[in-house]
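S.K.: Below: one structure in structure tokens.
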Amino acid sequence: MHAVAHGKGGRIMSKPLALLYYSNLMPGGQLANRLQDLGYRVHILADMAHLAETCQREKPLVVVAEILPGSPAFASIVQLRKDPATQHVPVLGYAMRQDPEQQRLAAEAGVSLLAGTAAVSEHLPRLLDQVLQLE
């Protein structure tokens, strides 16, 4: 099912795409539903290994990713930032652990904003606005 909206002058515009990566069903599944409720098409990533290539091909507006301790997601986000074709794509990360070390690792990798797991579900619209304005 491809959702479209009619823009000014009757032009057909597709909904913006959000790439979503998660390991834990909660809140990952909830985030997929919330993103759809906010008007996004959602593409769930099975893994982060080909994040930059997927972003080149799909042209998402935002990436939302669960960041686990020792996660290979960091390396994928670094690759995303190194590629001139994808370095502009904002990444909203979320994690159970929010200590200074996790924040530092996320910032070094290129995560635009790292939120707590509980906060990301509750404050998703505000966090998306914030991460989209940062880029």
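S.K.: Do we find a residue being open to solvent by less than 20 Å² (accessible area, probe 1.4 Å), part of a loop (DSSP other than H, G, I, E, B), touching a residue at least 40 places away in the same chain (Cβ under 8 Å) and not small (Gly, Ala, Ser) anywhere in the range 41-58?
M.R.: no
S.K.: Within 20 Å of residue 32 (Cβ to Cβ), of a type in the set (Lys, Arg), in a helix (DSSP H, G or I) and open to solvent by 10 Å² or more (accessible area, probe 1.4 Å), is that true of residue 126?
M.R.: Details: within 20 Å of residue 32 (Cβ to Cβ): yes; of a type in the set (Lys, Arg): yes; in a helix (DSSP H, G or I): yes; open to solvent by 10 Å² or more (accessible area, probe 1.4 Å): yes.
Here the answer is yes, as residue 126 does meet what is asked.
S.K.: Moving on to the next point. Do the conditions hold for residue 10, that is, is it at positive phi, at pLDDT 95 or above and of a type outside the set (Ser, Thr, Tyr)?
M.R.: no
S.K.: What number of residues within the range 99-117 are within 22 Å of residue 133 (Cα to Cα) and either surrounded by 14 or more Cβ atoms within 10 Å (Cβ to Cβ) or under 12 Å from the mean Cα position of the chain (by Cα) (or both)?
M.R.: Count: 12.
S.K.: Within the range 96-109, identify whether any single residue is at pLDDT 90 or above, touching a helix residue (DSSP H, G or I) at 6+ places or on another chain (Cβ under 7 Å) and under 24 Å from residue 29 (Cα atoms), and answer yes or no.
M.R.: No, every residue in the range 96-109 fails to be at pLDDT 90 or above, touching a helix residue (DSSP H, G or I) at 6+ places or on another chain (Cβ under 7 Å) and under 24 Å from residue 29 (Cα atoms).
The values are calculated or read from the model by the stated rules, or taken from the named source; none is laboratory data. All of these numbers come straight from a predicted model, not from anything done at the bench. All Cβ positions, glycine included, derive from the backbone under ideal geometry; neighbour counts span all protein chains shown. We work out accessible area using only protein heavy atoms, side chains counted, and drop any ligands, DNA or RNA first. Shrake-Rupley method; radii C 1.70, N 1.55, O 1.52, S 1.80 Å.
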